Amino acid sequence: MVLNRVTYRRRLSYNTKSNKTHFTKTPGGKLVYHYATKKTNISKCGDCKQGLRGIPAVRPVKLASLSKRVKTVNRAYGGSKCGRCVRSRIIRAFLIEEQKIVAKVLKAQASKA
C-alpha cells in the first residue's frame, strides 16, 4: 500500500486564509498540493455600495500593476462612483444652484415692493 503523505510546499505551515490548498495529481502520478488564490472582491460605489461595472475584479497587488485605463471609467468619479450616483450628484448640485437663484430673485422682488 502506498502512503500519500503530502506536505506544504511553502514555509507557512498553518491552515490560514492565505494558505488554502487542494490536492492535484501530477502526470508522474505524485499527489501534490496546489495553492488556491484568494477570491476577489469587485470594486464598489462609495455611495450606494453596488458593484462598479467596467472595473476588473482582481487582487490588490494585480490592481496596482494594471494601467489607469483599465482601472477607471471615462467619466467624472469614474472607478469610484457608479453612473447613477454621479447623475444624482449632478442633478442635486444643479437644483441647489437653481434654488439659490430663485431665493435671490424673490429677495430682490421683496425689496422692490
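For this structure, a couple of remarks:
- Those residues of segment 1-40 which are touching a helix residue (DSSP H, G or I) at 6+ places or on another chain (Cβ under 9 Å) and charged (D, E, K, R), in sequence order: R10, K38
- Answer residue from segment 1-23, given it is surrounded by 10 or more Cβ atoms within 10 Å (Cβ to Cβ) and of a type in the set (V, I, T) and is nearest to H34 (Cα to Cα) among those: T21
- Checked across segment 29-41, the condition of being open to solvent by 50 Å² or more (accessible area, probe 1.4 Å), of a type in the set (K, R), farther than 30 Å from I91 by Cβ and within 23 Å of the chain's Cα centre (by Cα) holds for at least one residue.
- Highlighted here are the helices (runs of 4 or more DSSP H) found entirely within segment 44-113 that include at least 2 residues which are open to solvent by 50 Å² or more (accessible area, probe 1.4 Å) and among the basic types (K, R): 68-71, 83-112.
The values are calculated or read from the model by the stated rules, or taken from the named source; none is laboratory data. These numbers come from a predicted model, not from an experiment. So basically every Cβ, Gly included, is an ideal-geometry build from the backbone, and we count neighbours across all protein chains shown. Side chains are part of the model used for accessible areas, which takes the heavy atoms of the whole protein and leaves out ligands, DNA and RNA. Shrake-Rupley method; radii C 1.70, N 1.55, O 1.52, S 1.80 Å.
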